[in-house]
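Below is one structure, written out as structure tokens; the observations come after it.
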Amino acid sequence: MSGVTIKSQREIELMRNAGRLLAEVHNRLGEEIAPGMSTYDLDRLGEELIRKTDSIPSFLGYEGYPASVCVSINDEVVHGIPRKDRIIRDGDIVSLDIGLIHQGYNSDAARTHAVGNVSREALDLINVTRESFFEGIKFAKAGNHLHDISNAIGYYCIERGYGVVRDLVGHGIGQEMHESPQIPNYPQKRKGILLVPGMTLAIEPMINIGRGDVTFSKTDGWTVTTEDGSLSAHYENTILITEGEPEILSL
């Protein structure tokens, strides 16, 4: 279990606060998102909301990322860079991945929003991606193993005909945004580490209508798109492993 941090009661309380504040930012952005907005508009509002809570946008400057909110549209899986000329249109699905640091502790969460009149298959994708997260965390209990979560997410999506992204995974979280362990969203042969109370994890299925293969942009160095051009959705929360049911910190 090397590198996995077990949080103290004080640290858990700080992470609860960070998660609650991030949930509020997500709720506000979800209310504001509309056709005609630019992805840059969403990023500006997101950063303003984060800073109003005396928090720091954890993505801004992270390994050189130039914005506070990752805004990914349609076939963009994650890490879309906000731009003034990238306009959100009726029928788009828009994934917002946001992280903040409050009093030294990180929270990380993502939501995919349907904007305007969205196709049935797009809505189904968003719903299955979200549901797969909740299927996964049924196993996020002390005494289970990490890959019980991975298997539940992966099989739930694969059985419904969706492609699961393998090149990007969830992660531990705390004072650092990315801590051990890595958390795949697809079935694993090994059991993975034993889950114990005090672990904080960012579980984040990234699911495609088509295949799970992705392409990393050579142009901006960040944006990840589906290789086959199919739609992609993303759903993430920061959770706490307890003695009983997991606690979702960012809802």
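Okay, residues lined up against (1) open to solvent by less than 20 Å² (accessible area, probe 1.4 Å); (2) modelled with pLDDT under 95; (3) not hydroxyl-bearing (Ser, Thr, Tyr):
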{"residue": "GLY174", "(1), (2), (3)": "yes, no, yes"}
{"residue": "GLU179", "(1), (2), (3)": "no, no, yes"}
{"residue": "LEU201", "(1), (2), (3)": "yes, no, yes"}
{"residue": "ASN208", "(1), (2), (3)": "yes, no, yes"}
{"residue": "ASP228", "(1), (2), (3)": "no, no, yes"}
{"residue": "GLU243", "(1), (2), (3)": "no, yes, yes"}
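Inside the range 109-118, can you point out the residues that are of a type outside the set (Gly, Ala, Ser) and open to solvent by less than 60 Å² (accessible area, probe 1.4 Å)?
Correct list: ARG111, THR112, HIS113, VAL115, VAL118.
Please go through the range 211-231 and give me each residue that is part of a loop (DSSP other than H, G, I, E, B) and in contact with a strand residue (DSSP E or B) (Cβ under 9 Å, 6 or more places away or on another chain), ordered by number.
ARG211, GLY212, ASP213, SER217, TRP222, THR223, GLU227, ASP228, SER230, LEU231
For every residue, the table says whether it meets (1) open to solvent by 20 Å² or more (accessible area, probe 1.4 Å); (2) within 22 Å of HIS234 (Cβ to Cβ).
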position	(1), (2)
ARG10	yes, no
ARG16	yes, no
HIS26	no, yes
MET37	yes, yes
ASP41	yes, yes
ARG44	yes, yes
LEU60	yes, yes
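Can you give me the number of residues within the range 1-25 that are assigned to a helix (DSSP H, G or I) and β-branched (Val, Ile, Thr)?
2
Take the residues of the range 130-165 that are farther than 16 Å from PRO197 by Cα and of a type in the set (Gly, Ala, Ser): which is farthest from the chain's Cα centre (by Cα)?
GLY161
Just wondering, is there one or more residues in the range 50-57 that are modelled with pLDDT of 95 or more, small (Gly, Ala, Ser), assigned to a helix (DSSP H, G or I) and surrounded by 16 or more Cβ atoms within 10 Å (Cβ to Cβ)?
Checked the range 50-57: no residue is modelled with pLDDT of 95 or more, small (Gly, Ala, Ser), assigned to a helix (DSSP H, G or I) and surrounded by 16 or more Cβ atoms within 10 Å (Cβ to Cβ).
Look at THR223 and say whether it is closer than 27 Å to ILE73 by Cβ and at pLDDT 95 or above.
Considered against the rule, which asks whether it is closer than 27 Å to ILE73 by Cβ and at pLDDT 95 or above, THR223 comes out as yes.
Select from the range 120-136 the residues that are touching a Pro at 6+ places or on another chain (Cβ under 6 Å) and over 21 Å from LEU96 (Cα atoms) and list them in ascending order.
Residues satisfying the conditions do not exist here.
Give me the residue from the range 119-143 that is in contact (Cβ under 8 Å) with a residue 24 or more places away in the chain and in contact with a helix residue (DSSP H, G or I) (Cβ under 8 Å, 6 or more places away or on another chain) and, out of that set, surrounded by the fewest Cβ atoms within 10 Å (Cβ to Cβ).
GLU131
The values are calculated or read from the model by the stated rules, or taken from the named source; none is laboratory data. On a predicted model such as this, the values are computed, not experimentally measured, just so you know. Backbone-built Cβ (ideal geometry, glycine too); neighbour counts: all protein chains shown. What goes into the accessible areas is simple: the full protein's heavy atoms, side chains included, and nothing from ligands, DNA or RNA. Shrake-Rupley method; radii C 1.70, N 1.55, O 1.52, S 1.80 Å.
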